[in-house]
1. For the range 1-57, give me each residue that is surrounded by 12 or more Cβ atoms within 10 Å (Cβ to Cβ), modelled with pLDDT under 50 and polar (S, T, N, Q).
2. Return the only residue of A108, A96 being free of Cβ contacts under 8 Å to residues at least 24 places away in the same chain and surrounded by fewer than 18 Cβ atoms within 10 Å (Cβ to Cβ).
3. I'd like the residue in the range 62-79 that is free of Cβ contacts under 8 Å to residues at least 40 places away in the same chain and in a loop (DSSP other than H, G, I, E, B) and, out of all such residues, is surrounded by the most Cβ atoms within 10 Å (Cβ to Cβ).
4. Can you tell me which of (1) out of contact with any strand residue (DSSP E or B) (no Cβ under 8 Å at 6 or more places or on another chain); (2) at pLDDT below 95; (3) surrounded by fewer than 15 Cβ atoms within 10 Å (Cβ to Cβ); (4) not basic (K, R) is the one T119 doesn't meet?
5. So which residues in the range 30-57 are touching a helix residue (DSSP H, G or I) at 6+ places or on another chain (Cβ under 8 Å), assigned to a helix (DSSP H, G or I) and farther than 18 Å from R134 by Cα, if there are any at all?
Amino acid sequence: MVGWSKAIMLAAIGAPLAAAQPAPSSPPGVQLVFFDWGKPEINGDAAAILDGVAEGYRREPGARLELAGHSDRSGPAGANRVAGLRRAGAVRAYLAAHGVPTSAMHVASFGEERPLIPTEDGVREPQNRRVEIRVEPEAVALPVSGNGL
């Protein structure tokens, strides 16, 4: 199959494909890490992003990190929720190995419920297979004055 594109190979085996979409931009304070289909492993692009997140944590060690796993709609909803959780867990393990305490991270999975790119059921969409990392700065306690304010 030399010379065949991934799209042609997937079409040849009957896997539905999503139409090409522009890459969405991350909201402020959110990093996106993407995953290959059916895999929770951290790839090179993801590692570079996560290294930056770990470095940011070292500069602001009181921050909280919310790790939200997501999937595309290529499998059953329950399996997709598990896939999102595995991806978020892989991000948590990577960050922990790079100095971010697990107590500073919260892991959740939304499975296929919050796609970046809406698709029909059964469609493999790479941009929906992701973990969103939201960094919440450390809360600062304000001094309490005696005047009731």
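1. Q21 - this is the single residue of the range 1-57 that is surrounded by 12 or more Cβ atoms within 10 Å (Cβ to Cβ), modelled with pLDDT under 50 and polar (S, T, N, Q).
2. Numbers: A108 fails: free of Cβ contacts under 8 Å to residues at least 24 places away in the same chain.
After ruling out the rest, the residue left standing is A96.
3. Here is the first cut: in the range 62-79, the ones free of Cβ contacts under 8 Å to residues at least 40 places away in the same chain are 75-79.
Filter once more, so that each one left must be in a loop (DSSP other than H, G, I, E, B): 75-76.
Values: G75: 19, P76: 12.
Filtering the range 62-79 for residues that are free of Cβ contacts under 8 Å to residues at least 40 places away in the same chain and in a loop (DSSP other than H, G, I, E, B), the one surrounded by the most Cβ atoms within 10 Å (Cβ to Cβ) comes out as G75.
4. (3)
5. none
The values are calculated or read from the model by the stated rules, or taken from the named source; none is laboratory data. Model, not experiment: these values are computed from the prediction. Please note: Cβ atoms are built from the backbone with ideal geometry, for glycine as well, and neighbour counts cover all protein chains shown.
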